[in-house]
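This is the structure I want to talk about, given as structure tokens.
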Amino acid sequence: MREVEPNEPLDGEHLFSYLKELRELLEATYSEEDFSAYDIVEIVDIQAFGYMARGYILGIHDAYNEELFDSKNAILGQLRDIVFKYLKSNPKERHELAGDIVIKALQEAFPIKNKKK
């Protein structure tokens, strides 16, 4: 997992990587014997970046909901899954800024039906 450098914008590739690694971690089954101290540090890093990505998605959602998309009844897990699916289906867009990708994914999933002019 490559971390974003200071002053480097978060792009879709990083966001996808963080969400994918967190998903894999949460879906895996482990026993205590499977881990070394190094593995535990790695798991903590994956969790930190994964939850940062979820918070990033939620922040975009809260900032632009009802302005750019209409998802007022969506829950965080649903938003995360929608963005993850969008990134997985559109790998050519992962170089774009993560915020733009989150907005596109949510607009596609939750279009505004009666946009006021």
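Quick note: the coordinates plus some simple rules give every number you see, no bench work behind them. If you're wondering where the values come from, they're calculated on a predicted model, not measured in any experiment.
Give me the number: length gained by fully extending ASN65 to SER89, i.e. 0.36 nm times residue separation minus the C-alpha to C-alpha distance, one decimal in nm.
Between ASN65 and SER89, full extension yields 6.4 nm more.
Quick one: compute the contact order of the stretch 12-109, relative version, from alpha carbon pairs under 8 angstrom and 6+ residues apart, as a percent.
Once divided by the residue count of the stretch 12-109, the mean separation gives 40 percent.
Next up: Report the gain in length on full extension from LYS113 to VAL41: 0.36 nm times residue separation, minus Cα-Cα distance, nm rounded to one decimal.
21.4 nm
Short version: ³J(HN,Hα) in whole Hz for each residue of the stretch 78-92, in order, from phi by Karplus 6.51 cos²θ - 1.76 cosθ + 1.60 (θ = phi - 60°), x for Gly and Pro, what are they?
Result, ordered by residue: 5, 4, 4, 5, 5, 5, 4, 4, 4, 5, 5, 7, 10, x, 5 Hz.
Between ASP11 and residues 5 or more places away or on another chain, which pairs have amide H atoms under 5 Å apart, with H built 1.01 Å from N, and which residues are they?
ALA98
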